[in-house]
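Structure, as structure tokens:
The values are calculated or read from the model by the stated rules, or taken from the named source; none is laboratory data. All of these numbers come straight from a predicted model, not from anything done at the bench. Because the Cβ atoms are built from the backbone with ideal geometry, glycine has one as well, and the counts that use them run over all protein chains shown.
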Amino acid sequence: MIFEHSCNDTYREELNNLFSSIILLHIFFHECGHIIAGHVDKSQSLLYEYDASRKGSFAVQEHEMVADWWSTKQLFNLMFHAVNLFNEDNDEKLRILKKITILYWLSLTLEFQIFDNKHPNHPSDLSSLTHPIPTVRLYYTIEATREGISDVLLQSGLSLENADKGADIIVNAVLDTINSFLGIMNVPIDFKKFDRDVVECYMKLRDIPYEIPRDAQYLHLAPLPDGYRESIEECYRIINEQE
Amino acid sequence: MCNNLNDNHKRMLDLLYAMSEPICKEKNIRLGISFPAEGKLNACVYYDHSYSSYQIQIFSDCLHLFYPIETMTDRFTKDDLLF
């Protein structure tokens, strides 16, 4: 852990210390992500993460998504190496992967909520925001996490196909736990995996760099895979039928 | 006299430098990191031409999140944490 702790700390204090550490690392690697993605103009003055004078748009939010995504993948890689996952047997590896995924995702829930409280900006028109709303950030973090886990499993010697399958299994297994935690956390985030507005906003952010040619100098996520929209539509259809 | 606050910040800075070193090498960029004492929940990044390096500043409120976290996690019980 980064922050000081004492041997008298309770289990929960230790956990909150761990959350603080992960949040600080995410803030740092998020800023690194802006550098790597080319968002920092060398002729420009300081780029503040939260700046009331900064004009928002979906293109600006896409920059934040790329920085979050890059940070998540870096941190997953670092965390897995930190716990020396590669020497563990498969069951232990799976247990640790699930635990790290839950801790990481809960940390980001706390971070986004704390920053959102401090810098409230909720106009009815989401296109004027500088950062995606916390629920959207949490939604795409699941996708970024899936990629991060898949990368680690690949490094462990799995084939690409099996690494992707393994990542799907782990992420799907932890979603219920994460939702349970949201129920007892004092946060107003109502996270539903298939909330249509959230998914639509995420897809909009993924599409935007391919609609704005002038943004070609920046690092972007790849276009959404073929069939992604169809899968989402199929999910909505099933949910509607169940309701 | 030992200054615990500064020692702790130095330890954090050392860790962030160590963790970002591989990527800085890979991308061939120079990075400076600082924790300005100004009490803001914010971070910023810019390019410092005098040092030919990117500078990341993480303001001090980001280092003191324990209380806001505690208020959001105070309903956690030990059983909840055994996931």
Self-check item: Filtered residues of segment B:9-25 (kept if under 21 Å from A:Lys42 (Cβ atoms) and either more than 10 Å from every other protein chain (Cβ to nearest Cβ) or among the β-branched types (Val, Ile, Thr) (or both))
Solution: B:Ile23, B:Lys25
Exercise. Tell me, please, whether a residue that is out of contact with any helix residue (DSSP H, G or I) (no Cβ under 7 Å at 6 or more places or on another chain), within 13 Å of another protein chain (Cβ to nearest Cβ) and farther than 26 Å from A:Asp176 by Cβ can be found in segment A:68-75.
Key: no
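Taking the condition more than 29 Å from A:Tyr210 (Cβ to Cβ), of a type in the set (Lys, Arg), free of Cβ contacts under 8 Å to residues at least 60 places away in the same chain and outside any loop (DSSP other than H, G, I, E, B), does A:Lys93 pass? Talk me through it step by step, then tell me what you get.
On the way: more than 29 Å from A:Tyr210 (Cβ to Cβ): yes; of a type in the set (Lys, Arg): yes; free of Cβ contacts under 8 Å to residues at least 60 places away in the same chain: no; outside any loop (DSSP other than H, G, I, E, B): yes.
So A:Lys93 does not fit the description; no.
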Quiz item: Out of all the residues in segment A:59-72, is one or more outside any loop (DSSP other than H, G, I, E, B), under 30 Å from A:Ser127 (Cβ atoms) and among the hydroxyl-bearing types (Ser, Thr, Tyr)?
Solution: yes
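Within segment B:26-73, track down each residue that is more than 9 Å from every other protein chain (Cβ to nearest Cβ) and part of a strand (DSSP E or B).
Residues satisfying the conditions are B:Gly32, B:Ser34, B:Asp48, B:Ser53.
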Exercise. All but one of (1) among the charged types (D, E, K, R); (2) over 22 Å from A:Pro209 (Cα atoms); (3) surrounded by 18 or more Cβ atoms within 10 Å (Cβ to Cβ) hold for A:Glu88, so report the exception by its number.
Key: (3)
Quiz item: Would a scan of segment B:56-75 turn up a residue that is surrounded by fewer than 18 Cβ atoms within 10 Å (Cβ to Cβ), closer than 20 Å to A:Lys42 by Cα and under 21 Å from the mean Cα position of the chain (by Cα)?
Solution: no
Exercise. All but one of (1) surrounded by fewer than 20 Cβ atoms within 10 Å (Cβ to Cβ); (2) at pLDDT 95 or above; (3) part of a helix (DSSP H, G or I) hold for B:Lys10, so report the exception by its number.
Key: (2)
Practice problem: Go through the residues of segment A:111-125 one by one and say whether even a single one is more than 12 Å from chain B (Cβ to nearest Cβ) and of a type in the set (S, T, N, Q). | Solution: yes
Practice problem: Could you check, for segment A:22-35, whether at least one of its residues is in contact (Cβ under 8 Å) with a residue 24 or more places away in the chain and surrounded by fewer than 19 Cβ atoms within 10 Å (Cβ to Cβ)? | Solution: no
Quiz item: What number of residues in segment A:155-183 are closer than 17 Å to A:Gln113 by Cβ and surrounded by 14 or more Cβ atoms within 10 Å (Cβ to Cβ)?
Solution: 3
Quiz item: Listed residues A:Val152, A:Val136; which is β-branched (Val, Ile, Thr), surrounded by 21 or more Cβ atoms within 10 Å (Cβ to Cβ) and closer than 20 Å to A:Tyr50 by Cα?
Solution: A:Val136
Practice problem: Run A:Thr130 past the list (1) over 14 Å from the mean Cα position of the chain (by Cα); (2) closer than 19 Å to A:Asn17 by Cα and report the number of the one that doesn't hold. | Solution: (2)
